[in-house]
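One structure below.
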Amino acid sequence: MDGAEIVRQPRWIWRSALPDGDRKPWRARPGLMILGAVLFLGALYLLPMLILTGWAFRGPNGGFTFAQARRLLSEGAYHTAFITTFRTAIITMLVCALIGYPLAYLMATTSPRARTLLMAGIMIPFWTSVLARSLAWIILLGKRGILNEWLVASGLVSAPLPLLFNSLGVQIGMVHVLLPFMILPIWAVLMRLDQSLPAAARSLGASPMRAFIHVVLPLSLPGLLAGCVLVFMLAVGFYITPALLGGDRDITIASLIEMVVRDLLDWPFGAMLSLSLMALVGGVFAFGALFIGAERLTSAEGRT
Amino acid sequence: MSKQLISRRKVLRGGAASSLAAPFLHTNKARADKGEIVVASWGGSRTSAMREVMFKPFEAATGIRVRDDGPPEAAKVKAQADSGNITWDVLDTDIPAILTMAKNNLLLPIDYAKLDPGKLDKIPKVLHHEYGLGHLIYGFNIVYNTKTFPTGRHPQSWADVWNGDKYKGGRSFPFRGGISPQLEVALIADGVPIDKVYPLDIERAWRAMDRLRPLVSKWYANHAEAIQLLSKGEVDVCCTVGPRGIVAKREGAPVDVEYAGGKLAPDNWALVRGGKNLDAVYQFLNFVIDGKVQAEFAKRVPYGPSSSDAFNHLTEIEAKDLITSPDNLTKQFWNDIAWWGAVGPDGKTNIEAQTERYAKWMVQRS
């Protein structure tokens, strides 16, 4: 990679950010400022990715091979795991959006005190370990968990409901873990929303619902999309929660990658599985960018 | 990383040790004088007990320092070997991991001539593997919740575990976490006697697994999880490590172990290829395979001592729940390392092929 090019390229960063006449010598070299980030990503991300790609396509005797790719294509079990993974991730994303948007809206429109409380309610579980949160669900939803004990004792059901160790358990656990990633971007956009715009719609005779659908919702769409992208990408790589709360129909590709890499020491095939997952996620992202625009996908800022 | 270390050592050797380098000089000296070995084990109460009854007395007796690290996963050993920075000398690990590592040329064969024959004779021959010496015995046993199944009315054989009509309740079996499918117990449940299990009739075993599948309410990913689910009553009977059940029982959990039909397997001492202090390593092995040391360990962590001499140092009550007590030993069979390690026509060992088949079997809808 040609370092000089990177140094020269992003002049606009400092031009737009700094007032004229305030340039110190080091600031005149913006390349230095991003050099750290480039080296960091290059050494810790790009290089390992290249090595990983090498493993996936190098044969045992050194030459180039499609053997791992062919193996992946011919193994139905891995396809099933890919489908399970994407299905789980999409449902998680949709449920997060359905629950997250109203919550974010409430946070943006309520009093500052209530907002602080809501924020604490969202953030405190967010700082708890994923493992602890998943185990807490076993205590709540298990066969002899609090909810089932209560349901059976009150006579509402005759036998404990199967809430865990199936897809329902996985979805509950994953939505809980990933909800903050949906709420925060939406909330950030809604907070910046010019409140005079829905007010203007109302003064022109729109019902609250109409004002919401035609003014607030379109303006907050970038936040919603950003939340969806975040939740989807994290959900695709999720591993602990499906393993702890899921059943035999919830085995995700991350689980299989772990088995291939750690137990079978088959690193070339593990690399191929990882690359395929990345390519598929990248494909989804590219598809989204094509239709929605990459800036909207990556930016959580509302544009008015 | 390794480059930096070499240059640091060169600086020290060159006598240019400034005050900055003094702390490094100190540790280097300690290494040179008496040596140090690194034992990779599984942490927790196991490593604490090892420190108490093995590492500390060994350090006192020989002056060789023992450092612990871990967990001794095959992938970590491979990463150390690939980077040329091997930091572990001795591993405490199971046979599947040893077979995988040996196949990847990561281990040294054990030179049994360097071990004390008197101590070695007390350890069953089946545990003298080329790349590992069995020291701590665990097993896959029937572990059950005593509230669901009071002892005496509990599943007393694998056939009982497979019998969902007579013994109602959720089963839990291992999947993931480096645990191979328990095909032997599937065969025993299907009527194969414990001394006729090997060579495994693989297809028959998988047909038995098919019948088990609807009875299993949770495929657990690690043994701690299994015991947790069992203690809480989320599942009623597990195929999991018996000694872990005994640990839970001692802590007051409603859990007990049925040893009938159990598959015995050793955790082993194994030597990392490229370890630097081989002489100290053999001194360590000779120290820790002693029956009395093993008995002391079993008093703290109720796994089975591999040396029969250990039971000369344990009372009857201490020995009763141990998986290798003379009574319990006769009800069980030894995991056949040779069969699992055998390489098939596709270049895969049985353990690799069956572990992969397990994942596919699990993912594919039946």
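The values are calculated or read from the model by the stated rules, or taken from the named source; none is laboratory data. No experiment lies behind these values; they were computed from the predicted model shown. Reconstructed Cβ throughout: ideal geometry from the backbone, glycine too, with neighbour counts over all protein chains shown.
Quick notes
- B:ARG171, sole failed condition from (1) under 26 Å from the mean Cα position of the chain (by Cα); (2) over 21 Å from B:ASP236 (Cα atoms); (3) in contact (Cβ under 8 Å) with a residue 24 or more places away in the chain: (2)
- Test for A:ARG71: is it more than 27 Å from the chain's Cα centre (by Cα), touching a residue at least 60 places away in the same chain (Cβ under 8 Å) and either on the phi < 0 side of the Ramachandran plot or not in a helix (DSSP H, G or I) (or both): yes
- Residue list for segment B:318-366, filter: within 14 Å of chain A (Cβ to nearest Cβ), in a loop (DSSP other than H, G, I, E, B) and surrounded by 15 or more Cβ atoms within 10 Å (Cβ to Cβ): B:LYS348
- Contact map, segment A:115-129: residues that are more than 16 Å from A:TYR105 (Cα to Cα) paired with residues that are surrounded by 15 or more Cβ atoms within 10 Å (Cβ to Cβ), Cβ distance under 6 Å, separation 6+ or inter-chain. Pairs shown: A:PHE126/A:PRO180.
- Among the candidates B:ALA253, B:ALA224, the residue that is modelled with pLDDT of 95 or more and farther than 17 Å from A:LEU164 by Cα is uniquely B:ALA253.
- Restricting segment A:133-148 to residues that are more than 24 Å from the chain's Cα centre (by Cα) and either surrounded by fewer than 15 Cβ atoms within 10 Å (Cβ to Cβ) or away from chain B (no Cβ under 12 Å) (or both), the residue that is nearest to B:GLY170 (Cα to Cα): A:ARG144
- Against the conditions (1) surrounded by 14 or more Cβ atoms within 10 Å (Cβ to Cβ); (2) out of contact with any Cys (no Cβ under 7 Å at 6 or more places or on another chain); (3) more than 14 Å from chain B (Cβ to nearest Cβ), A:MET93 satisfies every one except (2).
- Those residues of segment B:135-183 which are outside any loop (DSSP other than H, G, I, E, B) and within 14 Å of chain A (Cβ to nearest Cβ), in sequence order: B:ASN145, B:ARG171, B:SER172, B:PHE173, B:PRO174
- Considering each residue of segment B:234-243 in turn, none proves to be within 14 Å of chain A (Cβ to nearest Cβ), out of contact with any Gly (no Cβ under 7 Å at 6 or more places or on another chain), surrounded by fewer than 16 Cβ atoms within 10 Å (Cβ to Cβ) and in contact (Cβ under 8 Å) with a residue 24 or more places away in the chain.
- Residue match in segment B:284-294 (condition: in a helix (DSSP H, G or I) and free of Cβ contacts under 8 Å to residues at least 60 places away in the same chain): yes
- There is at least one residue in segment A:256-267 that is in contact (Cβ under 8 Å) with a residue 40 or more places away in the chain and within 14 Å of chain B (Cβ to nearest Cβ).
Rundown of residues vs (1) in a helix (DSSP H, G or I); (2) buried (at least 20 other Cβ atoms within 10 Å of the Cβ); (3) at pLDDT 90 or above, yes/no style:
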| site | (1), (2), (3) |
| --- | --- |
| A:LEU190 | yes, yes, yes |
| A:VAL260 | yes, yes, no |
| A:LEU273 | yes, yes, yes |
| A:MET278 | yes, no, yes |
